[in-house]
Each structure stands twice: as C-alpha cells, then as structure tokens.
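Scroll down for the structure; my scribbles are underneath it.
Any read-out appearing in this document is the output of simple, stated calculations on the displayed coordinates, not a laboratory observation. No experiment lies behind these values; they were computed from the predicted model shown. Backbone-built Cβ (ideal geometry, glycine too); neighbour counts: all protein chains shown.
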Amino acid sequence: MVVISRMAQAADEVRSKAGVNWKEISSLGIGTPGPARSEEGHRHSGAQSARLVQRAAQGSFEARFPVKVLVGNDANVAAFGE
C-alpha cells in the first residue's frame, strides 16, 4: 500500500501546487498496466498488479479525496487524457 499512498500524496501535491480546489475536480482516474475493471475498482490479478494497485486502490483514494475515483487500463486512461 506504500505505492498507493505515494500516488495519493503526489496527486494532492499537484492539485495544491496548481491552486485548484477540490470543488473544481469532478473525478480522479488511476491508470494501471494490464486489464482493469473500473466498475469494480481493481485490476485483474497479474504479476504487475500485486504491488502497484490492489483491490483497495479505489477505496483508498475515495477515502482520501472527496471525488469519484475510477481505475482503468493505463493505455485507455492515457487515451482519455489526449
């Protein structure tokens, strides 16, 4: 869970440095390597998923931030960002 904690801390630091209030943010996306099931908030099990984003990733972020959190495949999430 150290990786998840560091990811959350980085997200909050970026938001803060940008001077953006949480009321201005509607959602937060997490991209992970390999297949992911956004509606369930976790990745399918696999070699890369064990340490990066576990089943609790979505819940951990939603507990920390007052926005909806979505988990998706990194390539798909990057495409949305384009």
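Remark: the range 8-19, residue by residue, has Karplus-estimated 3J(HN,Hα) of 5, 4, 5, 4, 5, 5, 4, 4, 5, 5, 7, x Hz, where x stands for each Gly or Pro and the curve is 6.51 cos²θ - 1.76 cosθ + 1.60 at θ = phi - 60°. Counting Lys and Arg as +1 and Asp and Glu as -1 over every other residue whose Cβ lies under 12 Å from the Cβ of Pro66, the net charge comes to +1. Taking amide hydrogens as placed 1.01 Å from N in the peptide plane, the amide H of Leu70 sits under 5 Å from those of Leu28, Gly29, Ile30, each at least 5 positions away in sequence or on another chain.
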